[in-house]
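Notes for the one structure printed next.
The values are calculated or read from the model by the stated rules, or taken from the named source; none is laboratory data. The shown structure was predicted, so the numbers you read here are calculated from the model rather than taken from an experiment. We place every Cβ from the backbone using ideal geometry, glycine too, and count neighbours over all the protein chains shown.
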Amino acid sequence: MANQSESDRYAAAVQPHLGAVLRVAAAIVGTADAEDAAQEALLRGWQAWQNLQHEVALRAWLLRITVNLCLDWQRGRFGTHHRLVEPLDGATGERMLATIDADPGASLHAAVLDLRQALRRLDESFRLVIALRYYAGMDATEIGEALGMPAATVRTRLRRALTLLREALGESGATGKQSGELEQEGESHAHRAP
Amino acid sequence: MPTEHPDLNHRDDPNDPNDPNAPNVGELETPPELRSLDARLSQDGAHWRATLPSTDRLARRLATALKAQNATANSHAPDADFSVPRVSRLSGRPQPPSSSSGELFMRQQRPMGRIFAGGAIVVLVALFAVVLALFHGIPGFNSPAGSPSTHPTVIPTQSTGNTGAFKVTSADLTVSPASIAGKSCGSSITFTYTVTFHLPQGNKGGTIQFMYTLDNGRSSTPAHVNVAPGQTMQQYTITSSGTLTPDHTYPGVAEVIVNSPNTVNSPQVKPMGACH
């Protein structure tokens, strides 16, 4: 019974943070696997719940667990499960945020698709801070706590990522104003996306 | 166009340059050449987040998973309610029944745990044997016949007759209703499983530790029941409520495995017939 009440307490404590955990998981492993990864992260949190000394740090602690688990998930450390969802082309570098491309609402906008395509070409460290910042909706402090680095480092990396992304978009010639002429290309990306 | 994140508890949102709580505001200012890209990403991120599923289902999944873990961890768990379908932690989909009865109870036990448990039992038995041997070495503790048997019935001072070995000789398992033939798939039903433990006459009583599965070993629940000295039969009732599934995965195969004081398996039972 004591264990039951403790798990109830844990469930109540994490309730306000479920959205953040789900967003982080979705941003890293994709929306299709997001709930599975989020649940796994929350269960890991429960297993280590006794080790959490200050509940005020619960959100950062949970997000760190989620980020670490999802990165492991993306890197194929979940064995059978990952092999089942791995794209046939084995394009490891394109796995992160791959499912963002499948967003049907955005698939009509070539500029958005081109933005995401450029994002997928960034190095993982840059792609990760962009994903956590703009898609998971975390601020630099939270990202820093989750990744184990100072917030200032996150901001620097984020600025560098934005610069690289802007260059990538500039090389492809895609801007928001040019979306009309890229409509066809964008739709072809949408069909290729898993 | 800057996009707000009303539910994200942002402390230094670069899209909100007027946030007075943002630390090191000067450092967070987005360079002019990146503002357009920043706005595009913020807009796209907000749109993408709006497509994410609600957290209600995640909360339910977490509650179910925690409940399952508690049921496994708590040896004093009450009768299990199987009305909530078991969900795979990885796939989120109901798991198919195991095809091999040899997998019974194997999934939720860790090999190291089994090894340690086995070792602990061996140590306890050895200690018990040493204590008995010491007692037999003391005058007055030897039986009149001088038998090396540790059976307490040879001790003349024990007259109650309830000092025999405490062991489970067999375990029966029945299910009611015994058949689901003719019932409609999708209909709700409650099954009552009755476990009957048989013990030898004159046993000294104790606690029977056992595990039971109702879904062919996909999940198992520990339980225990107390037996009074001399009691030769003890029953334990398990109820399971659920919906008859068209794929005939519910109800599954049920079985009881006694872990202590000795290992005994009940027969595997499953209601006969199938829903239509």
Out of all the residues in region B:23-76, which are farther than 27 Å from A:Leu42 by Cα, at pLDDT below 75 and within 7 Å of chain A (Cβ to nearest Cβ)?
-> B:Glu27, B:Leu28
For residues that are more than 9 Å from chain B (Cβ to nearest Cβ) and surrounded by fewer than 16 Cβ atoms within 10 Å (Cβ to Cβ), scanning just region A:14-32, find the one that is modelled with the highest pLDDT.
-> A:Pro16
By my count, strands (runs of 3 or more DSSP E) wholly in region B:156-264 with at least 3 residues that are among the β-branched types (Val, Ile, Thr) are B:188-198, B:206-213, B:221-227, B:233-243, B:255-260
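Taking B:Asn142, is it at pLDDT 55 or above and polar (S, T, N, Q)?
So B:Asn142 does not fit the description; no.
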Quick one: B:Ser260 ticks every box in (1) more than 19 Å from B:Ala178 (Cα to Cα); (2) buried (at least 17 other Cβ atoms within 10 Å of the Cβ) except a single one, so which number is it?
-> (2)
Yes or no: A:Ala13 touching a residue at least 12 places away in the same chain (Cβ under 8 Å), within 12 Å of the chain's Cα centre (by Cα) and assigned to a helix (DSSP H, G or I)?
-> no
